[in-house]
1. For residues in region 56-70 being modelled with pLDDT under 80 and not hydrophobic (A, V, I, L, M, F, W, C), which is least open to solvent (accessible area, probe 1.4 Å)?
2. Which count do you get for residues in region 1-43 that are surrounded by 16 or more Cβ atoms within 10 Å (Cβ to Cβ) and within 22 Å of Gln61 (Cα to Cα)?
3. Has region 24-32 got any residue that is at pLDDT below 95, β-branched (Val, Ile, Thr) and part of a helix (DSSP H, G or I)?
4. Looking at Ile20, Ile35, Ile49, which is the one that is part of a helix (DSSP H, G or I) and either among the aromatic types (Phe, Trp, Tyr) or closer than 25 Å to Tyr2 by Cβ (or both)?
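The values are calculated or read from the model by the stated rules, or taken from the named source; none is laboratory data. All figures in this text were calculated on a predicted structure; none of them were measured in a lab. Every residue, glycine as well, gets a Cβ built from its backbone with ideal geometry; the counts of neighbours run over all protein chains shown. Ligands, DNA and RNA are excluded from the accessible area calculation, which covers all protein heavy atoms including side chains. Shrake-Rupley method; radii C 1.70, N 1.55, O 1.52, S 1.80 Å.
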Amino acid sequence: MYPTAISQIIENSTKAFVGIGLVVLLLNHNQPIPIVIGGAATGISIGFIVSSIYLVYAYMQRRSELSILRNCQEEINTYDF
């Protein structure tokens, strides 16, 4: 659960900073409201992409550990209680 919690923090932080940053930047350049809304939506997309990259990185780091856990679970499932 730890990597997914970190990815949520990364996603929400990125959405907030990039989304609000783009909105402020576009409003300061006198862009029309639909363009400003597009900037906010871009912040959401970038947040998703960044958190997905983190999850792939976290998986690659823990891949061998996860395969060991999977093998242990398979051994436990073979026992009759």
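1. Taking region 56-70 as the starting set, the residues that turn out to be modelled with pLDDT under 80 are 63-70.
With the extra rule that they be not hydrophobic (A, V, I, L, M, F, W, C), the set shrinks to 63-65, 67, 70.
Numbers: Arg63: 115, Ser64: 80, Glu65: 84, Ser67: 44, Arg70: 131 Å².
Selected residue: Ser67.
2. Residues in region 1-43 being surrounded by 16 or more Cβ atoms within 10 Å (Cβ to Cβ) and within 22 Å of Gln61 (Cα to Cα): 3 in total.
3. No, there is no match, as no residue in region 24-32 is at pLDDT below 95, β-branched (Val, Ile, Thr) and part of a helix (DSSP H, G or I).
4. Ile49
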